[in-house]
1. In a Debye calculation with equal point scatterers on the alpha-carbon sites of the range 163-202 and no solvent, what is log10 I(q)/I(0) at q = 0.19, 0.31 Å⁻¹?
2. Please compute the modelled spin-label separation between residue 485 and residue 166, points set 7 Å along Cα→Cβ, answer in nm with one decimal.
3. Thinking of the range 64-185 as a set of Cα atoms, what percent of all their pairs are more than 26 Å apart?
4. With label points built 7 Å along Cα→Cβ from the Cα atoms of residue 112 and residue 215, find their separation and express it in nm.
5. Send over the per residue convex hull volume for the range 117-171, Cα only, as a whole number of Å³.
6. How far apart, in nm, are the 7 Å Cα→Cβ label points at residue 180 and residue 494?
7. Taking R0 as 30 Å, what's the FRET efficiency between residue 59 and residue 85 from their Cβ-Cβ distance, rounded to 0.05?
8. Report the accessible area of residue 490, computed with a 1.4 Å probe over the heavy atoms of all protein chains in place, in Å² rounded to the nearest 10.
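The values are calculated or read from the model by the stated rules, or taken from the named source; none is laboratory data. Since we're looking at a predicted model, the values are computed, not measured. Note: ideal-geometry Cβ built from the backbone for every residue, glycine included; neighbour counts use all protein chains shown. These area figures cover heavy atoms from the full protein model, side chains too; ligands, DNA and RNA do not enter into them. Shrake-Rupley method; radii C 1.70, N 1.55, O 1.52, S 1.80 Å.
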Amino acid sequence: MMIGYRGRGLRTLQAVTLVYTAFCVQTVQPACSDDSTADGGNRVEMLMWLTDPCRYDRWTRPIPPDGNSKTGAPTRVSARVYVYFLGSVEAQQLHFTAHLLIRYRWRDDRLVHSSSKSSIQGENKLKERVWTPHVYIVNEHDSNIMGSGRQDILVTVQPDGTVLYSARLKVSLLCMMNLQKFPFDQQTCPLILESWTYNNTHLELVWEHDSPAILNSNLRMTEYNLVSIWTDATVSEYTLLSTTENKHVKKNEYSPLSVEHVHYYGKFEREVGHYIMDYYVPSIMLVVVSWVSFWLDPNAVPGRTTLGTSTMLTFITLSRNIGSSLPKVSYIKATEIWFLVCTAFIFGSLVEFAFVNTIWRRKKNVELKKVNSKHIFKSTLTPQMQRKSISVDSGIDRGAAGASPTVTSGKLNRRENRSRSLLTVGDLDSAVCTNPEPLENFSIRVPTLNDNKTVGSGGLFTLTPQEIAQWIDQRSRIAFPAAFLVFNCFYWLYVYV
């Protein structure tokens, strides 16, 4: 019983096979043998006849006529790119967006139809029936074929067998940027084309001789200017690991694979107007505002402290907005140099205030050999050192040791011991009683820096702490702006040269 069922099933399968074979013979064989169908048919019939699987293998590349019958010369594929839109260049993601129209051209002698005077055009259906070089974009981050409803692909077969393959793409291309001079940088971003299935011994990928890269004349970008474009072609070698075995040993060998590359480069120059107005000008103003504290009284603690801390915090907040849009790189950028130096100037004004306020609150006078920067800072920073006693002649005539101060010709003369530097009320009373002159002839004046330049018997000068604090503020009003101006000269030369 089982044998009967098996026999009937086998006969049914044989019958179906015979019917399918007869159908293939009726539909395919006439197209392969009768050439009159191709001559008198319309374009669709011509296309079906040219690309019929019985005479055309879409997986075999076209071999040029001068090629070897076995290996064959490399198939030459010419490329042309038309750029009609460039989007923003994302520095943080290291890529940019572009809308391109790419066209590839090669010759396939199997598609020659000289009897027809017009070209044959088609879209996806024709693309699926002819050989294509399968060229891909090496540095693409993301890409898709554009189109409304269907993909924008056009394949044209000319009478001499030349095939034109065009596609409209929206691509996001990777661009390894050098941000050392950001935002005064120039970036060179490539478009690299390479064949996915063939190396340079089978496929030669080149640019068109005439206008290989065409740029939309109305192209505009928001943050960059496209300075120049150019093309070139290179050969890259990939090292592949292959394993060979024999009877005794198994070893790995590295064999090089050469692949043809074509590059399309665009040089972009960043527009700096936004960064000048939103970052550099405000930061310069903040640094200048921090110098206002040099004109305030050294003892004005609340005002100078508030001014210094507020400018510091404002500048840090301003700089964070710029740094958040950049990738984290291992090298230092031009904006970071600017940030560090401006922060140093603002912080320096705070340190200067703390220094002069500390000096202002001291009680003892400072003895100097000379009134200059070197001796003032040395004596100020080391006030505990023992120095020689001085006798400063400032309108006060000193008498013998231990004598009481007297008033002579309207001026106060007194003996000042090393342990005593201030004139007490008792000294005034005894002086007035010793030589009772009218009070209108008696005057006390606060000494200034010029008053104390009088050299005493010891050859030293005496300055009060308040005078030293004011002297440092006066020098800071000149030193800080001058140093910032020198830094700006070097900085702008660096970013523009």
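1. Log10 of I(q)/I(0), two decimals: -0.82, -1.11.
2. 6.2
3. Percentage above 26 Å: 38.
4. 4.1
5. Per-residue hull volume (Cα only) is 89 Å³.
6. The answer from the label model is 1.1 nm.
7. 0.30
8. About 140 Å², ignoring ligands and nucleic acids.
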